[in-house]
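Here, each number is a calculation from the coordinates, and none is a lab measurement. This is a predicted model, so every value here is computed, not measured. Methodologically, a virtual Cβ is constructed for each residue, glycine included, from the backbone with ideal geometry; neighbour enumeration extends over all protein chains shown.
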Amino acid sequence: KQEVTQIPAALSVPEGENLVLNCSFTDSAIYNLQWFRQDPGKGLTSLLLIQSSQREQTSGRLNASLDKSSGRSTLYIAASQPGDSATYLCAVDSNTGKLIFGQGTTLQVKP
Amino acid sequence: SQTIHQWPATLVQPVGSPLSLECTVEGTSNPNLYWYRQAAGRGLQLLFYSVGIGQISSEVPQNLSASRPQDRQFILSSKKLLLSDSGFYLCAWSVDAGGPQHFGDGTRLSIL
């Protein structure tokens, strides 16, 4: 049974810092991995999707990497801003469309 | 462009009352549709998914049911709500299995 873990559960950094959020999964037979952002009381916004054949994806200040063999993904946020404060969720898909989510990392970027 | 709508945004219901949450998608045809629940301390859990009209798969046994009466309409229902049904309900769509999923703004359901 696939399990997804995100560490740390919460993170507080000063504005301008580069930071890394971690996601690990127990079954390496995945089709893709998605990173989402969730603002309080809101739905999820898709940030990046990495196919199993890819090593990384980039969008602006965000870079997501995938090491399928070790069951790990990281989300790198460069030059963090207060507007980046949110909960970040990773989810894996085994090509069934059934996403398995981690518990999320709640990020606070202090001005 | 594609959009997804969920309503209501918030709902307070007494135990034992019925429930109907609606989700519609615009700008695409024959999407895969999903219902998730986000309960406090439990993360996001897939409840139902549908690959076409009338085709519903349930992921976990529960007090809820789902229906897809039209191609881009997905409804989450219950005949009698339980306290444990409280949570944040999210609808999502994708072009196909394995593709990126796009989420609605969610419905906050509180059971009294």
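Counted by Cβ distance under 15 Å from B:ALA97, the other residues give a net charge of -2, where Lys and Arg count +1 and Asp and Glu count -1.
Within the protein assembly as shown, the proportion of Cα pairs with more than 29 Å between them is 27 percent. For peptide A:46-55, the mean count of partner chain Cβ atoms within 10 Å of a residue's Cβ comes to 1. When exposed loop sites are taken as trypsin sites (Lys or Arg not before Pro) in a DSSP loop with at most 11 other Cβ atoms within 10 Å, the longest stretch of chain A clear of them is A:56-111. The relative contact order of chain B, computed from alpha carbon pairs under 8 Å that lie at least 6 residues apart in sequence, is 36 percent.
As an exercise, find the ratio Rg/Rh for region A:47-111 from alpha-carbon atoms, using the Kirkwood inverse-distance average for Rh.
Values: Rg = 12.9 Å, Rh = 13.0 Å.
For region A:47-111, the value is 0.99.
Near A:SER80: Cβ cut-off under 10 Å, other residues only, Lys/Arg at +1 and Asp/Glu at -1. The net charge is -1. Give the Kirkwood hydrodynamic radius (Å, one decimal) of chain A, defined as one over the mean of 1/r across all pairs of different Cα atoms. In chain A this quantity evaluates to 13.9 Å. Solvent-free Debye calculation, one equal scatterer per alpha-carbon of region A:25-77: log10 I(q)/I(0) at 0.20 Å⁻¹ equals -0.70.
Excluding A:GLY16 itself, calculate the net charge of residues whose Cβ lies under 15 Å from the Cβ of A:GLY16, where each Lys or Arg counts +1 and each Asp or Glu counts -1.
On the way: positive: A:ARG61, A:LYS110; negative: A:GLU15, A:GLU17, A:ASP84.
Around A:GLY16, the surrounding residues sum to -1.
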